[in-house]
Amino acid sequence: MNAVRNVPPTLLRAGRNFGLSNPRLLVDVILPAALPQLIVALRISLGVAWLVVVAAEMIAVNSGLGFLIVDTRFAEGAKEQVAWRYEAGANEAR
């Protein structure tokens with residue numbers, strides 16, 4: 001919502017002056033102006049979602065990356081634990 005609200009009014013006025021209808025104004029002016037903020041929001045949301053999934057796997061599941069991190073910690077597998085944490089960080093960075 002904020003990405004659309006932050007579209008500069010001059011762009012909207014310019015689109016209206018060129019006679020764009022509401023659907024064309026949305027496609028040709030509003031969407032391109034809001035797209036960078038939408039992409040950033042999506043990137044942040046996916047990163048947070050990944051962290052929540054791994055944390056939930058650490059707590060309540062018997063499989064997955066979070067489970068493997070906790071399992072290797074209790075099995076005293078330091079090398080494996082570092083590898084799983086590296087994997088979690090590498091996936092988050094993508």
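The values are calculated or read from the model by the stated rules, or taken from the named source; none is laboratory data. Predicted model, so just to flag it, every value in this text is computed and none were measured. FYI the Cβ positions are ideal-geometry reconstructions off the backbone, even for glycines, and counts take in every protein chain you see.
Could you check the range 20-38 and list, in sequence order, the residues that are more than 10 Å from Ala3 (Cα to Cα) and in a helix (DSSP H, G or I)? Reasoning before the result, please.
Looking only at the range 20-38, we keep the residues that are more than 10 Å from Ala3 (Cα to Cα), and these are 20-29, 32.
Asn22, Pro23, Arg24, Leu25, Leu26, Val27, Asp28, Val29, Pro32, listed by residue number.
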Q) Here are some residues: Arg43, Arg16. Which one is among the basic types (Lys, Arg), part of a helix (DSSP H, G or I) and surrounded by 12 or more Cβ atoms within 10 Å (Cβ to Cβ)? A) Arg16
Q. How many residues, within the range 1-25, are touching a helix residue (DSSP H, G or I) at 6+ places or on another chain (Cβ under 6 Å) and of a type in the set (S, T, N, Q)?
A. 0
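For every residue, the table says whether it meets (1) of a type in the set (Gly, Ala, Ser); (2) over 30 Å from Val70 (Cα atoms); (3) surrounded by 13 or more Cβ atoms within 10 Å (Cβ to Cβ); (4) at pLDDT 90 or above.
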{"position": "Ala3", "(1), (2), (3), (4)": "yes, yes, yes, no"}
{"position": "Pro23", "(1), (2), (3), (4)": "no, yes, no, yes"}
{"position": "Gln37", "(1), (2), (3), (4)": "no, yes, yes, yes"}
{"position": "Ala49", "(1), (2), (3), (4)": "yes, no, no, no"}
{"position": "Val54", "(1), (2), (3), (4)": "no, no, yes, no"}
{"position": "Glu57", "(1), (2), (3), (4)": "no, no, yes, no"}
Q) Which is over 23 Å from the mean Cα position of the chain (by Cα) and more than 16 Å from Glu87 (Cα to Cα), of Leu38, Leu11? A) Leu11
Q. Glu92 fails exactly one of the following numbered conditions: (1) of a type in the set (Asp, Glu); (2) more than 16 Å from the chain's Cα centre (by Cα); (3) at pLDDT below 90. What is the number of that condition?
A. (2)
Q | Near pairs, Cβ below 6 angstrom, 6+ apart or cross-chain, from the range 26-46 (under 15 Å from Ala14 (Cβ atoms)) to any residue that is in a helix (DSSP H, G or I) and of a type outside the set (A, V, I, L, M, F, W, C) | A | Val29/Gly15
